[in-house]
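> Structure in structure tokens, see below.
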Amino acid sequence: SFLLLCFRTSLVTLLIFGLLLQPPLTQLSTITQPNIVLLMADDLGIGDIGCYGNDTIRTPNIDRLAKEGVKLTQHIAAAPLCTPSRAAFLTGRYPLRSGMDAINNYRVIFWNGGSGGLPPNETTFAKILQQQGYSTGLIGKWHQGVNCESRNDHCHHPLNHGFDYFYGMPFTLISDCQPTETPEMDRAFRRKLWLSTQMIGLVTLTAALGRLTGLISVRWKTLTCLAGFSLLFFVSWFSSYGFVRYWNCIMMRNHEVTEQPMVTDRTTSLILKESISFIERNKHKPFLLFLSFLHSHTPLLTTEKFLGKSSHGLYGDNVEEMDWMVGQVLDAIDKEGLKNTTLVYFASDHGGWLERQEGKRQLGGWNGIYRGGKAMGGWEGGIRVPGIFRWPGVLPAGTVINEPTSLMDIYPTVVHLAGGVLPQDRVIDGRDLMPLLRGTVEHSEHEFLFHYCGIHLHAVRWHQKDSGAIWKVHYVTPIFRPLGSGACYDRGFCPCFGEGVTHHDPPLLFDLSRDPSEAKPLSADTEPLFDTVIKKIGRAVEEHRRTLTRVPEQLSVYNVVWKPWLQPCCGTFPFCWCDKEGDN
């Protein structure tokens, strides 16, 4: 028995010693269902962050994420604007598959009272994680629609798309939300409406004066009809555009409107408080937190603590405040002892808005060495965004990956981690990133990525894995004004079609591995593989188009226009105003 005791003691000692010599956690099976925290900035340029090369805006917390995790240098948004990019992110599918890309110039959801939005038959990653037992929360910006047919059907609402809890803006932050700022929404169209109203009013007034003085022979009945038409025309547009702040700048908690209009001075602190509270409430079970920042979209809401602190004006102040918020969320994760069981992801929905200026103030972001910006479907500056993952013990710290990846890849990645199954009845364009992030494979699964502007295919990239080349063709590019300026300063946004674009035949060709700034287009004379590459990508486009099916257009003119009967309202319509946060 003494020998048996010695043998058992020796065996236990060897087992303990063997365990101590084991490398840090690398097997996913030891952590079932990690917590998932997705942090998404709004309109942030890839050149605005320290770990992507900016040495004047201070982003220590985002930089720390990159240092402790994996940084993607070729992370691509599926669209260059908020609504379609976020639809692709949530569904893992190109936005035109769900009808969330534009057939006209209305390329995003324009009103909380519109009828378009993320269709109820789309399955978001939140819905699958919810079915897997996760607590799911969305804090911040939604911009995927609210109602379909009645004020309270909430068919497009986050709670109908797999989120257990929602606090934030169902719309998006715009300058109209800040009474001191110049209105931003549909600015050019509003000017035309004002001008038309004034002209109709002037004609009516001239006719009335002419009738009174006897200079013009007009019947009073005709004048009455003309005056009625003038009033009707004015009411028809002013009832929506005259009250943008009340209709669009609202805050909701689940289905309840809590602020109408929102009180912008406290928005940042409430969003941060709600995010930390969600982590604390759900620390004992797996959770998904999608923190969708209102930063760094105009009007750049920034608290006094950060005003004037950066060397890049209000935009820089706003980015530095967002970085501080990222730090507060990371601290909350650490405080609850969840760091090693939580996958944290940081990205932007698309590139920075180059044209967003007020006088000499630059209010949009910087896209580093990449050409173009927000709203430009093909150029890298509009679609190449930051992409950072951190999961201590599972993902190797300090890793940089240069392979093409997409925001759509988050969908299969988190579904796989939660133990869920991807929908089998539809095309999923995203690919599971975990093998690439962990270093078990060398290359991305994406061979081709298609770059749309609305429903118009502007560019395609081909990752030729055997050679390392990343070929990119441009079929359509926007015309910059002034010429050579790098943006559409005359319009405020670059268009997708019409006289504001150039069609290229043969297409422009770049090799991003040699020319990431897309500065020198290749030709048949300078590139021996020119014809081969163009043909190969052309065949890929034909194959891709065969996978597309017709779906209802969520951004059609009918779906985009404001409908009073769909407007979320915290009172009796049209008397919609409340401040339930202030009451609390």
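> Based only on the alpha carbon positions, what is the Kirkwood hydrodynamic radius of segment 187-242, in angstrom?
Final number for the Kirkwood radius of segment 187-242 is 12.1 Å.
> Still on this model: Between Asp153 and residues 5 or more places away or on another chain, which pairs have amide H atoms under 5 Å apart, with H built 1.01 Å from N, and which residues are they?
Sorted by chain and number, the residues that satisfy this are Cys148.
> How many percent of the accessible area of the chain is carbon or sulfur, using a 1.4 Å probe?
Numbers: 14730 of 25120 Å².
Result for the chain: 59 percent of the exposed heavy-atom area is carbon or sulfur.
> Could you pull out the pairs from Lys71/Lys472; Lys71/Lys339; Lys67/Lys285; Lys67/Lys374 whose alpha carbons sit more than 25 Å apart here? Numbers along the way, then the final one.
Working: Lys71/Lys472 22 Å; Lys71/Lys339 18 Å; Lys67/Lys285 28 Å; Lys67/Lys374 27 Å.
Among Lys71/Lys472; Lys71/Lys339; Lys67/Lys285; Lys67/Lys374, the Cα-Cα distance tops 25 Å for Lys67/Lys285; Lys67/Lys374.
> Just the accessible area per residue of segment 187-242, please: how many Å² with a 1.4 Å probe?
Working: 4050 Å² over 56 residues.
For segment 187-242, the solvent-accessible area averages 72 Å² per residue.
> Compute the helix-to-body angle for 187-213: its Cα long axis versus the longest principal axis of the chain, expressed 0 to 90° and rounded to tens.
The angle comes out near 10 degrees.
> Which three extents, in whole angstrom, do the alpha-carbon atoms of the chain cover along their principal axes, largest first?
Largest first, the chain extends 127, 70, 50 Å along its Cα principal axes.
> If you line up the long axis of helix 220-241 against the longest principal axis of the chain, both from Cα atoms, how many degrees apart are they, to the nearest 10?
Compared with the principal axis, the helix lies near 10 degrees.
> Turning to a different aspect of this structure: Could you tell me which residue out of Leu301, Ser277, Gly316 lies farthest along the dipole of segment 277-321 toward its positive end? Charges go on the beta carbon: Lys and Arg +1, Asp and Glu -1, centred on the Cα centre.
Of Leu301, Ser277, Gly316, it is Ser277.
> Further question on the same structure: Pop out the ³J(HN,Hα) list for segment 484-495 in order, Karplus 6.51 cos²θ - 1.76 cosθ + 1.60 with θ = phi - 60°, rounded to Hz; leave Gly and Pro as x.
Listing the rounded values in order: x, 7, x, 7, 9, 5, 6, 9, x, 9, 7, x Hz.
> Turning to a different aspect of this structure: What is the percent of Cα-Cα separations in segment 79-141 that go past 21 Å? Show your work: numbers first, answer last.
Working: 507 of 1953 pairs.
Pairs farther apart than 21 Å: 26 percent.
> Under the Karplus relation 6.51 cos²θ - 1.76 cosθ + 1.60, θ = phi - 60°, what is the ordered set of whole-Hz ³J(HN,Hα) values for segment 524-535, x standing for Gly and Pro?
My calculation for segment 524-535 gives 4, 6, 9, 10, x, 8, 3, 5, 4, 5, 4, 5 Hz in order.
> Ok, one more. Using heavy-atom solvent-accessible surface (probe 1.4 Å) with all chains present, what is the largest-first order of Lys472, Lys339, Lys67?
Sorted descending by solvent-accessible area, the residues read Lys67, Lys339, Lys472.
> Right, another one. For segment 138-152, just list the computed ³J(HN,Hα) in residue order, Karplus coefficients 6.51, -1.76 and 1.60, θ = phi - 60°, integers in Hz, with x standing in for Gly and Pro.
Ordered by residue, 3J(HN,Hα) equals 10, 10, x, 7, 10, 6, 10, x, 10, 10, 10, 10, 9, 4, 10 Hz.
> I'd like the distance between the alpha-carbon centres of segment 134-179 and segment 541-563, rounded to an integer number of Å.
Each part's Cα centre sits 21 Å from the other's.
> Right, here's the next one. If packing is taken as the average number of other Cβ atoms within 10 Å across a peptide's residues, how do 364-370, 261-267 rank, most packed first? Don't skip to the answer; put the middle values down first.
Working: 364-370: 23.7, 261-267: 18.4.
Output ranking for 364-370, 261-267: 364-370, 261-267.
> Order 483-494, 458-469, 169-180 from most to least packed using the mean count of other Cβ atoms within 10 Å.
Values: 483-494: 16.2, 458-469: 17.7, 169-180: 21.4.
Highest to lowest by the protection proxy: 169-180, 458-469, 483-494.
> Given the chain, what percent of its DSSP beta bridges are antiparallel, to the nearest 5?
Numbers: 39 of 68 bridges.
Percent antiparallel among DSSP bridges in the chain is about 55.
> I need the peptides 530-538, 271-279 ranked by packing, meaning the mean over residues of other C-beta atoms within 10 angstrom, with the highest value on top. Let's see the in-between values first.
On the way: 530-538: 15.1, 271-279: 20.2.
Taking the mean over residues of other Cβ atoms within 10 Å, the ranking is 271-279, 530-538.
> Between segment 325-387 and segment 465-519, what's the alpha-carbon centroid distance in Å?
Computed from Cα coordinates, the inter-centre distance equals 22 Å.
The values are calculated or read from the model by the stated rules, or taken from the named source; none is laboratory data. All figures in this text were calculated on a predicted structure; none of them were measured in a lab. Using ideal geometry, Cβ is built from the backbone for each residue, glycine included, and neighbour counts are taken over all protein chains shown. Protein only, heavy atoms only, side chains kept; ligands, DNA and RNA dropped before computing areas. Shrake-Rupley method; radii C 1.70, N 1.55, O 1.52, S 1.80 Å.
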